[in-house]
Amino acid sequence: MKLRYLLGITLAVGLCGGCSSDYMNFKGGNFVQFSSSLDEVYTFAYFSSDKEIDTLNIGIMSVGEVVDYPRTIRFEQVTKEWEYTYDTEDPSKVVDSVYVDMKYPAKEGVHFEAFGGENHELVLPANQNGVTVKIVVKREDESLQENARKLELRLLPSDDFETGVPKYVVKKITISDKLERPTVWKDTDYDCATYLGNWSEVKHRFMINATGEKWDNDCIKLYIKAGPTAEGLYLLKKIKKELEKYNADPANNPPLMDENGHEVVFP
């Protein structure tokens, strides 16, 4: 039993990556948390209209003993969020905040299929220290083409578990039917800033049409974050040529502008 107990802690630190410092106050017991603190972004915009549902695999792990009987994991859907007011002279400074109803919460049965039963409970099987929750997301709501929906899940204490590291207790999932900014495409990221520039929906769609690639997280990690690769540089060169061709055609009323009124450019 002690070996399994230590194994649970080792796996926890491994899955959390750099979060080992969060366990400095770990004093034993059994905890539960999501396997990753990263936000999930899912959009049907990459697929044809024939694709109406899909499944997201969300990992939950336990920290502590691995036992020979099933245990209960409790959760809730969060439908409120913080709304911040920033200083007009210093946009990075928060001057006020209020906890309000979420503007576009995901609705059970409309944007995702119900899971966890009426009591919102999951089962961690016996002799396991992790479980994969399969969340079925749905496309039927046409308003997803205008406004993404937020599915925010928060783990709760149960008779079997306390909740783990705070930043791993909440999982934020975006469900959309329009192009959404990939989570790795950040203005502060050196590779993305150097090779892609600022993100916009129009730019993203142009890149997809020019190359046939999704330019989602996986694509950016493969072609840009890895160096970039020779194939990534080739694709970027192709995109820039297509943009030059587009802007050279007076019929397109050039230059290509994005949804924010800014010209689409690449570094």
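Below are the figures for this structure:
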read-out: Residues of the stretch 107-125 that turn out to be under 13 Å from residue 76 (Cα atoms), aliphatic (A, V, I, L, M) and out of contact with any Gly (no Cβ under 6 Å at 6 or more places or on another chain), as a count; value: 1
read-out: Every pair of residues 6+ apart whose Cβ atoms lie under 8 Å, when the first sits in the stretch 165-191 and is among the acidic types (Asp, Glu) while the second is part of a strand (DSSP E or B); value: 177/43; 180/41; 180/43; 180/174
read-out: Residue within the stretch 63-79 that is in a strand (DSSP E or B) and of a type in the set (Gly, Ala, Ser) present; value: no
read-out: Filter result for the condition that a residue is of a type in the set (S, T, N, Q) and closer than 30 Å to residue 69 by Cα, over 174, 229, 163; value: 163
read-out: In the stretch 110-154, the residues that are among the β-branched types (Val, Ile, Thr) and out of contact with any Phe, Trp or Tyr (no Cβ under 9 Å at 6 or more places or on another chain); value: 110, 123, 131, 132
read-out: Selection from the stretch 52-109 of residues that are in contact with a Phe, Trp or Tyr (Cβ under 9 Å, 6 or more places away or on another chain), modelled with pLDDT under 95 and hydroxyl-bearing (Ser, Thr, Tyr); value: 92, 97, 99
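Yes/no per residue for (1) touching a Ser or Thr at 6+ places or on another chain (Cβ under 7 Å); (2) open to solvent by 40 Å² or more (accessible area, probe 1.4 Å):
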position: 41; (1), (2): yes, yes
position: 57; (1), (2): yes, yes
position: 63; (1), (2): no, no
position: 76; (1), (2): no, yes
position: 79; (1), (2): no, yes
position: 91; (1), (2): no, yes
position: 118; (1), (2): no, yes
position: 122; (1), (2): no, no
position: 133; (1), (2): no, no
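Residues checked against (1) more than 21 Å from residue 179 (Cα to Cα); (2) in contact with a helix residue (DSSP H, G or I) (Cβ under 7 Å, 6 or more places away or on another chain):
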position: 195; (1), (2): no, yes
position: 198; (1), (2): no, no
position: 210; (1), (2): no, yes
position: 214; (1), (2): no, yes
position: 226; (1), (2): yes, no
position: 253; (1), (2): yes, no
position: 263; (1), (2): no, no
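The values are calculated or read from the model by the stated rules, or taken from the named source; none is laboratory data. It should be emphasised that the depicted structure is a prediction, and the values quoted were computed from it without experimental measurement. Note that we place each Cβ from the backbone using ideal geometry, even for glycine, and neighbour counts take in every protein chain shown. For accessibility, only protein heavy atoms count, side chains too; no ligands or nucleic acids. Shrake-Rupley method; radii C 1.70, N 1.55, O 1.52, S 1.80 Å.
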